[in-house]
1. Going by amide H atoms built from the backbone, whose H comes under 5 Å of the H on A144, apart from near neighbours?
2. Where a Cα-Cα gap under 13 Å defines reach, which aspartates and glutamates qualify for K166, not counting those fewer than 8 residues away within the same chain?
3. Out of residues 5 or more away from A58 or on other chains, whose amide H comes under 5 Å of its own, with H placed 1.01 Å from N in the peptide plane?
4. What is the distance in Å between the Cα centres of segment 326-358 and segment 94-147?
5. So what's the net charge close to N384: Lys and Arg +1, Asp and Glu -1, counting the other residues with Cβ under 14 Å from its Cβ?
6. Taking the alpha-carbon distance from K112 and a cut-off under 22 Å, which lysines remain once sequence neighbours fewer than 8 residues away in the same chain are dropped?
7. Give a residue-ordered list of calculated ³J(HN,Hα) values for segment 29-44 (Karplus: 6.51 cos²θ - 1.76 cosθ + 1.60, θ = phi - 60°; whole Hz; x for Gly, Pro).
8. Which residue fluctuates most in the GNM of the chain (Cα springs below 10 Å): G277, G364, G190?
Amino acid sequence: MDHFLYRDGVLHAEDVAITDIAAKVGTPFYVYSTATLTRHFQVFDDALKGMDHLICYAMKANSNIAVLKTLGDLGAGMDVVSGGEYMRAKAAGVPGDRIVFSGVGKTADEMKLALTGGIRQFNVESEPELDCLNEVAVSLGLVAPITVRVNPDVDAKTHAKIATGKSENKFGIPIRQARDVYAKAAKMDGIEIVGIDVHIGSQLTDLEPFRQAYLKVRDLTETLRADGHNIRRLDLGGGLGIPYERSNSVPPLPVDYGHVIRETVGDLGCEIEIEPGRLLAGNAGLLVSSVIYNKNGEGRDFLIIDAAMNDLIRPAMYEAYHDIIPVIEPNAATETNPIDIVGPVCETGDTFAKQREMPSVRDGEMVAFRSAGAYGAVMSSEYNTRPMIPEVLVKADQFAVIRARPSFEEMIKRDTVPEWV
Ligand SMILES: *Cc1c(COP(=O)(O)O)cnc(C)c1O
């Protein structure tokens, strides 16, 4: 459930009319709902009730500092994958002991940043990374708390570009080698083993892969404990999917996901961490765009809008589906027609939807893309020298721009021309 509903014939974000935001900031823009973010966090928190747990928001899904602060103030930790994200988490007021550091290519500089600034744990993904982290920690006179991210070799049954838990993927250490890596880590002066980490992919719509992965983590916990390691924390990753297509399949609910965790690893006496990104932010955001032209082609009609693939790349990159609805509520009797919804960028890939059944939306009127709060703004670019679009946060009847649209001058002055040109 989200807080984007029609009221008096106009789409609202909580108590704010989308048309009011558009009048103030212009289109296209992203808008996020505080109430939806809060609700999603609380649903997860409830799903893990009774277990010692920390929800570490995977902030790569949406790393605007106002979003981070909203979740951080509710008690969320953060899962970061770069030094820049670490700095954002800190800027949002999240303490180091609630920040976990994931990613296959952490650099020595990033390790140093997190070790000196405070970190809950590093999720180590390879032996060379373990060696590097040990060296950095020893050189600073510090000890790095770690889990090893294991690759359980299970099929997450999701889009190939976002599956991460098969042995052919670049992520984690093959679970069969984990015992040796833990033995090695235990001997290092700069390393303290705290637990095990696993993350098998994103947009999972079935609980079975989670169950398989978590059962393997359970076995490994018992093996490692028998080897004498103090395994007290299990980071179970993110990846629970969300409904993009309202009329279609319903992904598992967090409460059922919580049951899988309870059933597989709930009795091990470990602190549980999870790293949801999409599920917290995805349905908490809309992308709002105006129609520039209705273009009638030969046997094909196009809705050319002012948002493009540089603003929301998911359809071009993952063949992702987004519900697209008119901002002014169509009359229930309005007929729909198939139309291609496209942006202005000079690439055929700049297509948001093909032959989508839509009520007619006239030039100058607005449409809203649902489920655009995760992997939207963060993946945007200035391709075609299109300014990054503003982000707006709504809370009840208030709204504020949380990232402004740059002017052309601001964009252009970031380039410099050497004197020898
Ligand atoms: C991307 C990622 C997540 C979040 O995935 P969602 O599908 O957004 O929940 C969590 N953990 C790690 C390590 C990731 O790479």
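1. I191, E192
2. D153, D155
3. Residues meeting the amide H criterion: D79, G277.
4. The distance from the Cα centre of segment 326-358 to that of segment 94-147 comes to 46 Å.
5. Local net charge: -4.
6. Hits, sequence-local ones excluded: K60, K90, K184, K187.
7. Values per residue, Gly and Pro as x: 8, 9, 9, 10, 10, 4, 5, 6, 4, 5, 4, 4, 4, 5, 4, 5 Hz.
8. G364
Bear in mind these aren't lab numbers, they're just calculated from the coordinates by the rules spelled out. Predicted model, so just to flag it, every value in this text is computed and none were measured. No Cβ is skipped: glycine too gets one built from the backbone with ideal geometry, and neighbour counts run over all protein chains shown.
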